[in-house]
1. Tell me whether region B:46-53 contains one or more residues that are within 14 Å of chain A (Cβ to nearest Cβ) and farther than 25 Å from residue B:420 by Cβ.
2. Looking only at region A:77-96, which residues are within 23 Å of residue A:3 (Cβ to Cβ) and either within 14 Å of another protein chain (Cβ to nearest Cβ) or modelled with pLDDT under 95 (or both)?
3. Looking only at region A:178-203, count every residue that is crowded, with 16+ Cβ neighbours inside 10 Å and either within 7 Å of chain B (Cβ to nearest Cβ) or part of a strand (DSSP E or B) (or both) and tell me the total.
4. Quick check on this structure: which one of B:41, B:86 is under 34 Å from the mean Cα position of the chain (by Cα) and surrounded by 13 or more Cβ atoms within 10 Å (Cβ to Cβ)?
5. Here is a check on your reading of the model: is residue A:131 free of Cβ contacts under 8 Å to residues at least 40 places away in the same chain, more than 9 Å from every other protein chain (Cβ to nearest Cβ) and assigned to a strand (DSSP E or B)?
6. Which residues, counting only those in region B:333-347, are under 29 Å from residue B:361 (Cβ atoms) and free of Cβ contacts under 8 Å to residues at least 40 places away in the same chain?
7. Go through region A:160-177 and give me each residue that's closer than 22 Å to residue A:57 by Cβ and either buried (at least 20 other Cβ atoms within 10 Å of the Cβ) or within 14 Å of chain B (Cβ to nearest Cβ) (or both).
8. If I ask for residues that are surrounded by fewer than 17 Cβ atoms within 10 Å (Cβ to Cβ) and either in a loop (DSSP other than H, G, I, E, B) or touching a helix residue (DSSP H, G or I) at 6+ places or on another chain (Cβ under 6 Å) (or both), which ones from region B:352-368 would you list?
């Protein structure tokens, strides 16, 4: 994997990309949000102070999913009525990108999947069944979340969101799907709920009193 | 790189008492144990969400902050709540200990009258089939039978929670059991959460958390408590079956090795009308070999008649007598349904374990005074198979498994007595 570099258009600091396909990143020094335009980086905003959170995952955490090694390169942080969660952007050795979500240390891995004809948000309610790619899912929750901030490298420009509606879906065999209604066309992420130990995570965050 | 997360110390805005926050930023509300104020820990001023009153002296059996090892991972007790359901105006409450590990997340230990369950939320979505008389939930191919649906109200809280907890919170709880496991579905308006619990004895909880003293005695039978009789009854039935087969083999061997040797045969007749002393003794015959069985057979020419034979097998040397009797009756005829018969014109008696020696039979026939005469033959055979002991042994063998099964059925009855199906038969495949 090549590791492109650039300079922050705001403060001039060296920006080293962990993932060559990143569309957006943040400057670690001046906290500018930078979006790639061809070869240049454009400063589109500044990272707001992220609220403190207690995810054991951090940028540069490594793990394994289905025998493929991945690296955590970025994240989006959301908040809702009953807490917050992280969507960690992970990239695999072969350049593929996916998401590792961590909600109160419950983990799921998912991938953006093209799926035309998703139901509109107002058609969904808990316990409704939905067939996606031939698999029957059940809607387990609808969450009105607030976009709270970003960090690191993302596969798209994502920095000026506000309220986002998410539908979570599950199956009997631990498959997991999320429909993100933040864009005009809803986005489908499909994957599975995973146990912490299955991911063989390294370079985790430390917690006082726990080793 | 994020800095190591720090354990937070706060002071209750209401009474000033110190509080420790153990679950880092996951905690959304914490209870001041001193003044029973529930604080919003995400609020910079620790806004009081609720202040509640509680009965005196609530003391979690596992103190907050205690660490223990469950399924190989260390967990810390960070929260405690009591939840109450009301059935027929009687409140029942159970305790829930919220456990935390910063990497593995949250899980629960529940306790009801000395019965413990280790509970974690599920990644899989169980499928519920409500077509039958009793809903069935299936998880990973295993069937869980509906036990109870109840409205659970939070009646006491202590410690901290990753949600905004309040005394008076109500959730609809549906429990399904497949001992030692229990599936629970909890629904609030927007969300349903499934969790899976596994029964634990108090002793195992005490060991896992290194608690002093001994756990409270378990009272009654809990919904998910594994039956102490279930597996054992099955095992005893298997052993019983094995022994029955062995017994059958022994019986076969006895049959094969029986000599069945005829040692005496005599033909007699008896006429009740002639009167006089009917009893007589036969000539002497010899029984040889090891002590074994003797079969005495009576074959008559009775027709629509009966006779009673009082018999004794007597040892001519020692005088020892084996007394017995045989009633022989044989009737036949024809009525509107056709021909019929009743009884048989012959019978036999087997005397087990007769030692060798010189023996004779004493015979005393009896009939109705006006009956027509009977002719009969007496036979004595040595060493015939005697199956009485076989049936007795087989019957005795069946006692322990039958007893175990009865205990098992009784245990299941007590389990389901606490369910929504009390009074109906448990009939859900649990009582094996």
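1. yes
2. The answer is A:88, A:93, A:94, A:95, A:96.
3. 12
4. B:86
5. Yes.
6. B:341, B:342, B:343, B:344
7. Result: A:166, A:168, A:170, A:174, A:175, A:176, A:177.
8. B:355, B:356, B:368
The values are calculated or read from the model by the stated rules, or taken from the named source; none is laboratory data. Everything numeric here is computed off the predicted structure, so don't read it as measured data. Here Cβ is always computed from backbone atoms with ideal geometry, including for glycine, and neighbour counts include all displayed protein chains.
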